[in-house]
Amino acid sequence: AAKNREVVRALLAGKADINAYAMLNVWHGPDFKRHLVASYPDKTPLHIAVLAKDTEMVKELVSGGECDVNMWTLRRVEANGKIRMANDLTAMHLALKENLADIMDLLLDAGADPEPRDAAPGAKTPAEMAWNSS
């Protein structure tokens, strides 16, 4: 996790687009051969940090004010023979699903919307998810 934070700090210092959907390459193995361990073309670095339950990484990402805490993950939707990407979950949804109170507080402090609604039928806001789980 500390190594990941160093990478995030370097990207932030280099003015990288921290709201871009990510491709995550991980160095793995004793000979440091590069292996594609995971690919997240549907998530931003913030989504990945929340999924990793990395409170410090989330704090790093949202502290600069440039991180869009209300961006959606994407999901592939096929309908009528056409493929499109649709909104799925926000970082707040992900934090709530994992019951990550510290991360939810950070997201709310950074301006996360507790009531974002996706256009998908039956989609729930984080607040509705919390209400239904209690």
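Readers should treat all values here as calculations from the given coordinates under stated rules, not as data from a laboratory. All values derive from a computational prediction rather than experimental measurement.
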Sequence-distant residues sharing a close amide H with LEU89 (under 5 Å, placed H): THR73
Residues of type aspartates and glutamates that LYS15 reaches as a straight line, Cα spacing below 15 Å, ignoring anything fewer than 8 places off in the same chain: GLU6, GLU60, GLU66, ASP68
